[in-house]
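The values are calculated or read from the model by the stated rules, or taken from the named source; none is laboratory data. This one's a predicted model, so the numbers in the text were calculated from it and none came from an experiment. Neighbour counts are summed over all protein chains in view; Cβ atoms, including those assigned to glycine, are modelled from backbone coordinates with ideal geometry. For the accessible areas, the whole protein counts, side chains as well, though only heavy atoms, and no ligand, DNA or RNA atoms are used. Shrake-Rupley method; radii C 1.70, N 1.55, O 1.52, S 1.80 Å.
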Amino acid sequence: MKQMILVASLLAVSPAMAQNSAAPSPSSVAVQNAWARATTRNAQSGGIFLTLTDKGAPDRLVGVTTPVAAMAQLHQSVNDNGVMKMDAVPALDLPPGKPVELKPGGYHIMLMGLKQQLKPGDTFPVTLNFAKAPQVTATVTVGKAGAS
């Protein structure tokens, strides 16, 4: 009889335990076409370009990390009286259902303190952090130098 009570107790507890150990829910932000330009052998900086689509409530990209660089920051290229420059931005708004493209000449992820040369055909991970959605790790494919 004690064994039946023990088995019944375990069966009653198991569903609750299974719910607590479930995998985290997938992010509501999709990452597509993540790529970077190839760099020269001693380059200290590079860039990542990609498209983000928020499939949930309004969100913001608030941080980026990758093992190929000492630091990764969200940047925006701006034309300041005919002079192009890049400014770091703290976050990027992601309106629901509208793809946001990070591309050369606009928003992009700036890699500083590269730890290795980025060679055509290589891949590496980048982890994107959002204000609300779970973080997403995407695979970046390196294209040719000067690629667009």
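Restricting the trypsin sites (Lys or Arg not before Pro) of the stretch 31-121 to loop positions (DSSP other than H, G, I, E, B) with no more than 15 neighbouring Cβ atoms within 10 Å leaves R41, K55, K115. Entry comment: accessible area of the stretch 23-148 is 54 Å² per residue, from protein heavy atoms only and a probe of 1.4 Å. Between Q135 and F130, the built amide H atoms are under 5 Å apart, and every one of these is 5 or more places off in sequence or on another chain.
If I model a spin label at K115 and Q135 as a point 7 Å from the Cα along the Cα→Cβ vector, what separation in nanometres do I get? Simple spin-label model gives 1.4 nm for this pair.
Remark on D59: its backbone amide H falls under 5 Å from those of L94, a criterion applied only to residues 5 or more positions apart or on other chains, H modelled at 1.01 Å from N.
What number comes out for the charge environment of N33, summing +1 per Lys or Arg and -1 per Asp or Glu over other residues with Cβ under 12 Å away? Residues close to N33 contribute a combined charge of 0. Classification of the stretch 78-148 by its C-alpha gyration tensor yields an oblate form. The axis ratio a/c (a ≥ b ≥ c) is 1.5 or more, and b/c is at least a/b.
Neighbours of N79 by Cβ distance under 12 Å: Lys/Arg scored +1, Asp/Glu scored -1, total -1.
Would you tally the net charge around P99, using a Cβ to Cβ cut-off of less than 14 Å, leaving P99 out, and scoring K and R as +1, D and E as -1? Overall, the nearby charge balance is -1.
Kirkwood-type hydrodynamic radius, the stretch 35-121: 13.9 Å, calculated from all non-identical alpha-carbon pairs.
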